[in-house]
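The values are calculated or read from the model by the stated rules, or taken from the named source; none is laboratory data. These figures come from a predicted structure and were not determined experimentally. Using ideal geometry, Cβ is built from the backbone for each residue, glycine included, and neighbour counts are taken over all protein chains shown. All accessible areas refer to the heavy atoms of the entire protein, side chains included, with ligands and DNA or RNA removed. Shrake-Rupley method; radii C 1.70, N 1.55, O 1.52, S 1.80 Å.
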Amino acid sequence: MEVVILDDAAQAGVIGADVMEQHVRANPQAVLGLATGSSPLGVYRSLADRVEAGTLSLAGCKAFLLDEYVGLPAGHPEAYRTVIDREFVELVDIDPANVQGLDGLAEDVPAMCAAYEQAIKDAGGVDVQLLGIGTDGHIAFNEPGSSLASRTRSKALHRQTREDNARFFDGDLDAVPTRCVTQGIGTIMDARHLVLIALGEGKAEAVRELIEGPVSALWPATALQLHPHVTVVVDTGAASLLRFADYYRESYAAKPEWQKY
Ligand code: F6R
């Protein structure tokens, strides 16, 4: 696990985009895993800048979303598919038909989830997966108590997550859906490279558990300790409870450029 601690949080977007670009340069047909929420927005902006400048093309890429709320009508401004279209797809040159999300209105949820798993497999698996982390340690919407081997399925959202996300619904907790469909932790662990971005002191406890805590379903993100290639990008606030922050800084600074991520 590579831990990158940034003094300037704005750099997180650039680093995340650097990692994505590296994958797309190695394979222009790369399969990208997209996260929603505030953490990856800088990455999407930086990728959009590169595409606009003509230095990068995502035209050959495919992409899969991590999760979706259950019950929001198609086109709802906070449905994750709408957010990804607005914040990413419409700003780059990826073919929207090659971007797949989970259907939060599916009648047969297990069948929809199984088809989603199959679609990821058929695409050759995810090359690089962007992740945020919840204050309760969730990744995608795998809330505390989730099986670390879980696959794509429906879950209830914890109250903490609904409270955290109420800011996207004008602060109205009742407007935040109570259920979601989400890739499982096992599904996420199948991606070849995981890039997790966490910004701000509110994430400090979850980040400490993610990097230095025992692997436990109580902090689902700790499963990432078992993945062979993870890059965790944090600002000083999110890194503020790390016991070995100095060590991570030193070891990252000492790496040659080609080995940074
Ligand atoms: C969203 C997702 C969630 C968020 C997490 C952090 O697709 O998978 O796990 O990454 O809730 O959200 P932000 O970035 O808004 O703090």
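Here the relative contact order of the range 72-176, from alpha carbon pairs under 8 Å that lie six or more residues apart, stands at 18 percent.
Taking 0.36 nm per residue of sequence separation and removing the Cα-Cα distance, the residue 78/residue 49 pair yields an extension gain of 8.1 nm. Accessible surface computed residue by residue for the chain, with neighbouring protein chains in place and a 1.4 Å probe, gives 43 Å² per residue.
Summary of packing: across the peptides 50-58, 248-256, the per-residue average of other C-beta atoms within 10 Å ranks them, highest first, as 50-58, 248-256.
Take the Cα of residue 95, step 7 Å along the line toward its Cβ, and report every residue of the range 21-50 whose backbone nitrogen sits under 15 Å from that point. Inside the label zone: 28-32. Per-residue Karplus couplings for the range 112-125, computed as 6.51 cos²θ - 1.76 cosθ + 1.60 with θ equal to phi - 60°, are listed in order as 5, 5, 5, 5, 5, 4, 5, 5, 5, 4, 4, 7, x, x Hz, Gly and Pro entered as x. By DSSP, the beta bridges lying fully in the chain are antiparallel in about 30 percent of cases. If R0 is 30 Å, what FRET efficiency do you get for residue 167 and residue 27 from their C-beta distance, rounded to 0.05? Efficiency, from the Cβ-Cβ distance: 0.25.
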